[in-house]
1. Among the numbered conditions (1) crowded, with 22+ Cβ neighbours inside 10 Å; (2) out of contact with any strand residue (DSSP E or B) (no Cβ under 6 Å at 6 or more places or on another chain), tell me where Asp238 comes up short.
2. Count, please, the residues in segment 91-116 that happen to be surrounded by fewer than 18 Cβ atoms within 10 Å (Cβ to Cβ) and of a type in the set (D, E, K, R).
3. Among the helices (runs of 4 or more DSSP H) confined wholly to segment 1-94, which include 1 or more residues that are modelled with pLDDT under 90 and within 16 Å of Asn244 (Cα to Cα)?
4. Just to be sure before I move on: is Leu240 more than 21 Å from Lys16 (Cβ to Cβ), of a type in the set (A, V, I, L, M) and either assigned to a helix (DSSP H, G or I) or in contact with a Phe, Trp or Tyr (Cβ under 7 Å, 6 or more places away or on another chain) (or both) in the structure I sent?
5. Search segment 209-247 for residues being of a type in the set (Gly, Ala, Ser) and touching a Leu at 6+ places or on another chain (Cβ under 7 Å), and hand back the single one that is farthest from Pro81 (Cα to Cα).
6. Which condition number does Asp232 fail, the rest of (1) out of contact with any strand residue (DSSP E or B) (no Cβ under 8 Å at 6 or more places or on another chain); (2) crowded, with 16+ Cβ neighbours inside 10 Å being met?
7. Tell me, yes or no, whether segment 144-162 has at least one residue that is closer than 15 Å to Val21 by Cβ and either over 19 Å from the mean Cα position of the chain (by Cα) or outside any loop (DSSP other than H, G, I, E, B) (or both).
8. Of all residues in segment 95-138 being of a type in the set (S, T, N, Q) and in a strand (DSSP E or B), which is farthest from Glu29 (Cα to Cα)?
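The values are calculated or read from the model by the stated rules, or taken from the named source; none is laboratory data. Just so it is clear, the model here is predicted, and its values are computed rather than measured. Here Cβ is always computed from backbone atoms with ideal geometry, including for glycine, and neighbour counts include all displayed protein chains.
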Amino acid sequence: MDKQIQQLIQIMKQSKNTVVVTGAGISTEAGIPDFRGEKGIYRQIGEDRVMRVINIDFFRRHTKEFYDFYRKYFTFPEVEPSKAHYMLAELESKGVISAIVTQNIDNLHQLAGSKNVIPVHGNAAQFVCTRRSCRKIYDHTIMNEYPEGIPRCTECEGVLKPDVVLFGEQIQNFAPARESILQANLVIVIGSSLTVYPLAGFVREFCTFTQDLVIINKGPTQMDHAALLKIDTDTTGDVLEQVNKSF
């Protein structure tokens, strides 16, 4: 792997605009279970049931049942960012990477200190008032005031919704995410098998214009064939730590 890391460092040094795309794999290193992993919710109770409940229509029609389910299965443990999160924040502060486009909703990139984070599936650390005339944003501590039932806005009594993309909703930041990826010289995918669209589609579209794609992931991805370099590892933090020392 040392040879691969040296190759990665050289590729990054040649790039004038490096964008990182992250998926669940980077957060499992921090202790958050992957939805599709062995201890993930899809394995526990079935993907069909999750998709039925974590759905915008179900949220609107059965809000209390939605929140009962959400509290039980989608309350993230209080974890610290992983070494990989901190290394990416340092690389950004040094000007080595320009942006992080993430599928993750755990807020760990932001907690680690990354500034230019583009979350496409939202941020579970926030809740937003659903009334269009209000749209007030709360942090996750608002849920402490609502151990059960439906959380309400303190301004207008509107129903609060987790600031995450539910099934049936459009992703957030579609244009900024796509533009950031397509304008990059180098895209580094970390901890994603590139099966979830449209983000996987943005990476695929990027590869039609350039071959400067690097993938760091445990196991195969949908775009391995297009990668200039593929590093197969579940210790991304160690890889990025070595990279960080070279800048």
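1. Status for Asp238: all satisfied but (1).
2. 2
3. Values: elements: 2-14, 24-28, 41-45, 47-53, 56-61, 63-73, 83-93.
By residue number, 2-14.
4. Working: more than 21 Å from Lys16 (Cβ to Cβ): no; of a type in the set (A, V, I, L, M): yes; either assigned to a helix (DSSP H, G or I) or in contact with a Phe, Trp or Tyr (Cβ under 7 Å, 6 or more places away or on another chain) (or both): yes.
No; evaluated as a whole, the condition is false for this residue.
5. Step one: of segment 209-247, the residues of a type in the set (Gly, Ala, Ser) are 219, 226-227, 237, 246.
Cutting the leftovers down to touching a Leu at 6+ places or on another chain (Cβ under 7 Å) gives us 226-227.
Details: Ala226: 30, Ala227: 27 Å.
Per the criteria, the residue is Ala226.
6. Of everything listed in (1) out of contact with any strand residue (DSSP E or B) (no Cβ under 8 Å at 6 or more places or on another chain); (2) crowded, with 16+ Cβ neighbours inside 10 Å, Asp232 misses just condition (2).
7. Applying the first criterion (closer than 15 Å to Val21 by Cβ) to segment 144-162 yields none.
For segment 144-162, residues closer than 15 Å to Val21 by Cβ and either over 19 Å from the mean Cα position of the chain (by Cα) or outside any loop (DSSP other than H, G, I, E, B) (or both): absent.
8. Initially, segment 95-138 is screened for residues of a type in the set (S, T, N, Q), giving 98, 102-104, 107, 110, 114, 116, 123, 126, 130, 133.
After this cut, where a residue has to be in a strand (DSSP E or B) as well, the list is 102, 123, 126.
On the way: Thr102: 15, Asn123: 19, Gln126: 22 Å.
Within segment 95-138, the match that is farthest from Glu29 (Cα to Cα) is Gln126.
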